[in-house]
């Protein structure tokens, strides 16, 4: 709508309201008050200048988007790369770094002669707000395996995802040479970044599959803490996630170090799983059974051995419940994390989004979890946990159908450095 | 003299404005006259060939010779696919000649679905010619009409120059997945023709841009060459093997080249000062 139309419609709307004797007519006594307080049917929802200005530093030992707080919107895109040699790979990584710096830190869009296609999609206007944008790059097993000059540098635990017990993998929704995880406050910010990268790096990459998702904002609890967001099964998701502000813990659980090639230190194994939830059937399951299957109270997220005041952050005491009388032995949380000293090394950092893809051919809702997690050791982390989950009670309510294993590159130190520089140098020196 | 003046002025203007690496012409150059008339000739040759080839294709169908008609299907289409940016200016004929089943709610069963792909469906899926006699007659009528309309057409410069990118957009958006010739799997023939048609326009314009933006020419030449190299692997006799033999890796390469050519060639109009 143009400004002129906007101004033109104001008075007529006012007249109508006044003629109807609407009680708020007093608000329209001044033209200014009209413009400020009388929203029109097609006014944009109000943005938030504070959240739009939020930015996550791009430079650092580690990439952003892994232990940095998860904003509301995410897109995980897996690409096939058309690179043939090391020089081309380096050029791609340098250009990708350049785009990621701009897109995450924001700034003015360069202008071009109007006879040319514009350099930017324009989705965010002439000035890109950072909006908490992170862009996280990870490389797949297939890429390392394809080139003689990359294979010797493959991270120690990187491998091709294999089908687990309850999976029904779709070939075109699995694997890929590289993933980019886009996270931001608004999905439009992610879409803008994706389109920018596809436009500027079209000679290197083609999308293989992608999944967008979001996580609902949660009102803080009275004590100031933030409860975990709910997944599409209605349960709080990630209650037992390790503390991402605990640097020592993150070094143990998330950041790969010993046992990895030098170039890879400071990176992390990224697991992506596309998991459909059978929500109609789940919603037709008795609450008590849902809670037994999951191992937590649905509304509070508290463990099942807690009292009425228990919270999701209480730790279940499995030692006092060896037979699973309170928390069944084959409930999700007990299998995933038995909370024994030996299973500490299997902890992972979850960073999931809920996805909604419309409807299936059967007329059921196609929704579920865009599961993303990070860990220092893929075998000890996700793979061990997933194998432990074999036969869990909840299996009949969800179906993993895609995803893959990737290695999130170490961070970029500062201007002049670029994503994967140490990998390129290692490959050159061999 | 005039052309030289335009060129140098354009250069000076472009450098003064600092247009992000793109060297812009101040206004459509008189130099376009030559390439435009050469392109018109190219299109005329192709549409004449299309009429000749379609006549033979239709004759095979009328004779009930399924195998012969099948063998003529892909080569007949090529002259259409080469000049698609111009052919598409007549949307009534383009729909009637080259629509796909997806363009209709009832898909293959839709009464309005006609042209090459309805005939393709008849030959490969139905395996007979009796149901497609009417479509064959209509096709010959349509391509003859197209030929005569194109011969009377003044080519809009922006359509010709923009056609190089438009052909790549077509491939990128609706062909790379192999959906065009889904019954016959002769998609690679179409790819060849689309690339050839795009490269023809680019080649005709190249002299106008070679001295302005050498990097653009170098990159675009290399991308067309890379496409040729991929397609060359799949050549067989006078044409191509089935699309199903295209490997995922080669499809990825073709896809990146198509998209990059579309990106780069989309700047041609502006570079030549066209709106």
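Mind listing just one residue for me: the one in region A:100-112 that is within 14 Å of chain B (Cβ to nearest Cβ) and out of contact with any strand residue (DSSP E or B) (no Cβ under 8 Å at 6 or more places or on another chain) and, of those, farthest from residue A:56 (Cα to Cα)? This residue is A:112. Number of residues in region A:139-183 that are more than 30 Å from residue A:396 (Cβ to Cβ) and assigned to a loop (DSSP other than H, G, I, E, B) equals 10. Does residue A:255 satisfy being assigned to a loop (DSSP other than H, G, I, E, B), closer than 22 Å to residue A:63 by Cα and either within 14 Å of chain B (Cβ to nearest Cβ) or modelled with pLDDT of 95 or more (or both)? Yes: the conditions hold for residue A:255.
Scoring residue B:263 on the criteria (1) more than 8 Å from chain A (Cβ to nearest Cβ); (2) free of Cβ contacts under 8 Å to residues at least 12 places away in the same chain; (3) touching a helix residue (DSSP H, G or I) at 6+ places or on another chain (Cβ under 9 Å) leaves a single failure, condition (1).
Yes or no: region B:239-246 includes at least one residue that is touching a residue at least 40 places away in the same chain (Cβ under 8 Å) and within 15 Å of the chain's Cα centre (by Cα). So far as region B:239-246 goes, no, none of its residues is touching a residue at least 40 places away in the same chain (Cβ under 8 Å) and within 15 Å of the chain's Cα centre (by Cα). Scanning region A:266-287 for residues that are more than 16 Å from residue A:139 (Cα to Cα), in contact (Cβ under 8 Å) with a residue 60 or more places away in the chain and outside any strand (DSSP E or B) gives A:278, A:279, A:280, A:281, A:282, A:285. Residues of region A:196-231 that are part of a loop (DSSP other than H, G, I, E, B) and either within 12 Å of chain B (Cβ to nearest Cβ) or surrounded by 21 or more Cβ atoms within 10 Å (Cβ to Cβ) (or both): A:201, A:202, A:203, A:204, A:215, A:231.
Quick grid of which residues meet (1) under 30 Å from residue B:40 (Cβ atoms); (2) modelled with pLDDT of 95 or more:
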{"residue": "B:118", "(1), (2)": "no, yes"}
{"residue": "B:128", "(1), (2)": "no, yes"}
{"residue": "B:137", "(1), (2)": "yes, yes"}
{"residue": "B:177", "(1), (2)": "no, no"}
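Checked against (1) modelled with pLDDT of 95 or more; (2) at the interface with chain A (Cβ under 10 Å from one of its Cβ atoms); (3) not in a helix (DSSP H, G or I), residue B:165 passes all but condition (3).
Using the structure shown, decide if residue A:115 is within 14 Å of chain B (Cβ to nearest Cβ), out of contact with any strand residue (DSSP E or B) (no Cβ under 7 Å at 6 or more places or on another chain) and either assigned to a helix (DSSP H, G or I) or crowded, with 16+ Cβ neighbours inside 10 Å (or both). Yes. Return a yes/no flag: does region A:107-118 have any residue that is under 24 Å from the mean Cα position of the chain (by Cα), over 30 Å from residue A:380 (Cα atoms) and free of Cβ contacts under 8 Å to residues at least 60 places away in the same chain. Scanning region A:107-118, I find at least one residue that is under 24 Å from the mean Cα position of the chain (by Cα), over 30 Å from residue A:380 (Cα atoms) and free of Cβ contacts under 8 Å to residues at least 60 places away in the same chain, so the answer is yes.
Out of B:228, B:213, one residue alone is more than 11 Å from chain A (Cβ to nearest Cβ), closer than 23 Å to residue A:114 by Cβ and either touching a residue at least 60 places away in the same chain (Cβ under 8 Å) or exposed (fewer than 15 other Cβ atoms within 10 Å of the Cβ) (or both). It is B:213. Regarding residue A:392, is this residue modelled with pLDDT under 95 and touching a strand residue (DSSP E or B) at 6+ places or on another chain (Cβ under 6 Å)? So residue A:392 does not fit the description; no.
The values are calculated or read from the model by the stated rules, or taken from the named source; none is laboratory data. Note that the structure is predicted; figures quoted are calculated from it, not measured. Note that each Cβ is placed from the backbone with ideal geometry, even for glycine, and that neighbours are counted across all protein chains shown.
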